[in-house]
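Notes follow the structure.
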2 protein chains.
Amino acid sequence: MIALPDRDPRPPAGQPRRADARRNRERLVEQAKVVFAESGADASLDEIARRAGVASGTLYRHFPTRLDLVEAVLAGQVSGLVRLGRELLTDEDEVEALITWLRAALRHGLTYRGLSAAVLNSALDRDDDPVSAWHAEVFEVGTALLARARRSGAVVADAVAADVLKMVGAIAWAAQDDPAQADRLLTLLVNGLRHP
Amino acid sequence: MIALPDRDPRPPAGQPRRADARRNRERLVEQAKVVFAESGADASLDEIARRAGVASGTLYRHFPTRLDLVEAVLAGQVSGLVRLGRELLTDEDEVEALITWLRAALRHGLTYRGLSAAVLNSALDRDDDPVSAWHAEVFEVGTALLARARRSGAVVADAVAADVLKMVGAIAWAAQDDPAQADRLLTLLVNGLRHP
DNA sequence: CGCTAAAATGAGGCACAGTCCGGTTGGTGG
DNA sequence: CCACCAACCGGACTGTGCCTCATTTTAGCG
């Protein structure tokens, strides 16, 4: 019998053991932001690796799938969105709170050329599959805000959070390079939510 | 000076001169429908050529760009949509006519796994670029139906056809494999269109 | 310092887009 | 019926991107 090292073999996610690994990871995310902003959600991963001064194998070691990289890119933004949502839950005007949050979600969806819209949508589909932790949080906050607005009576009763979020994602995708139009479309959505 | 043949060198679009060419073109469109339905808008063109029993060069001869092939695939459907729209223009209930047509447009957007939704959206963007003739027709019919519904007073005044169509495309894209959700989202849109 | 596990490298296999040229063929005029 | 040629086709080829894996490098511990 050979004794295995009993130290936990798993490094915490997003925080590799060795210094060089941490460095490379950072550079990758950094360049990914640039390239995604330039070329949208289906930018070349090899290109990102190239710009980060790293071989492609290294990129795949840190981010096995494209989605993993995207998550890393969006992480900060998303947690901000969740935080805002929680704050808005204590806002006086329930409907206004919902609208404000939806607007923020739309802005978020528009970043990186509709990148996050694509992710949001694909994430909303397979809800069993643990695609990501933060998507569940977004969903939860959205549900809470919507429920509150509904209770106030100014929002139609049969609106479901999944639908509303999907719609925001759809708007972000469709109007990804026309923010003014995105705004108008969101207004249309909000109108549809109000009680007749 | 050498006399050039004075016959018009351009065959009518979609109707090549030679019998084998016509045959191949048909088989390509036929198989394209199958493959697009299976794999969505970014299916492999090589695969389509393979299934049609034709070399890839032949595919590109008939359809220089992916969009050209897509147009050929959708042509019939789209003209049906336009025809329906024109008929609905004489319908008594202006709002109901609009809704019916939007529903048909959504159904159309859902075919071939959101293929046409993707096309519709990219087409709606560059309106100067002569992407396709039929897209202009769809837009025209949509505009007419919307204007009529607006005149009846039951639809908000500031709704623009470009926005509404974009929204339908967005819904089709987002809910491409959940027709029930697509329906609910369309209802949300229609709600937003109604006068408060 | 050495040693080892962690990490990085980069060539290579595979799939797809799109181009191009040499060979083939449909159909027309004689 | 046949010869001819423009129209057409095949398929090899280039380029790009995704992703894997055997090999080499290196950080950091003892």
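The values are calculated or read from the model by the stated rules, or taken from the named source; none is laboratory data. Being a predicted model, the structure only gives us computed values, none of them experimental. Virtual Cβ from ideal backbone geometry, glycine too; neighbours counted across all protein chains shown.
What to note about this one:
- Boolean, A:GLY85 is under 18 Å from A:LEU186 (Cα atoms), surrounded by 14 or more Cβ atoms within 10 Å (Cβ to Cβ) and modelled with pLDDT under 95: no
- Filtering the range A:180-196 to residues that are in a helix (DSSP H, G or I), more than 9 Å from chain B (Cβ to nearest Cβ) and within 21 Å of A:GLU96 (Cβ to Cβ) leaves A:ALA182, A:ASP183, A:LEU186.
- Residue under evaluation B:ALA157, criteria (1) modelled with pLDDT under 95; (2) small (Gly, Ala, Ser); (3) part of a helix (DSSP H, G or I), criterion not met: (3)
- Criterion violated by B:ASP20 - all others in (1) within 8 Å of DNA strand C (Cβ to nearest atom); (2) acidic (Asp, Glu); (3) closer than 26 Å to B:LEU106 by Cβ satisfied: (3)
Table: residues versus (1) surrounded by fewer than 22 Cβ atoms within 10 Å (Cβ to Cβ); (2) of a type outside the set (A, V, I, L, M); (3) modelled with pLDDT of 90 or more; (4) in the same structural domain as B:VAL78 (by TED's automatic domain parsing).
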| residue | (1), (2), (3), (4) |
| --- | --- |
| B:ALA144 | yes, no, yes, yes |
| B:GLY153 | yes, yes, yes, yes |
| B:ALA161 | yes, no, yes, yes |
| B:LYS166 | no, yes, yes, yes |
| B:ILE171 | no, no, yes, yes |
| B:ASP177 | yes, yes, no, yes |
| B:ASP183 | yes, yes, yes, yes |
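- Check on B:LEU28, away from chain A (no Cβ under 14 Å), within 19 Å of the chain's Cα centre (by Cα), away from DNA strand C (no atom under 14 Å from the Cβ) and not acidic (Asp, Glu): no
- For A:ASP20, the requirement of being within 11 Å of DNA strand D (Cβ to nearest atom), away from chain B (no Cβ under 14 Å), exposed (fewer than 15 other Cβ atoms within 10 Å of the Cβ) and not aliphatic (A, V, I, L, M) is met.
- Among the residues listed as A:SER44, A:SER79, A:SER39, the single one being within 29 Å of A:THR100 (Cα to Cα) and within 16 Å of DNA strand C (Cβ to nearest atom): A:SER39
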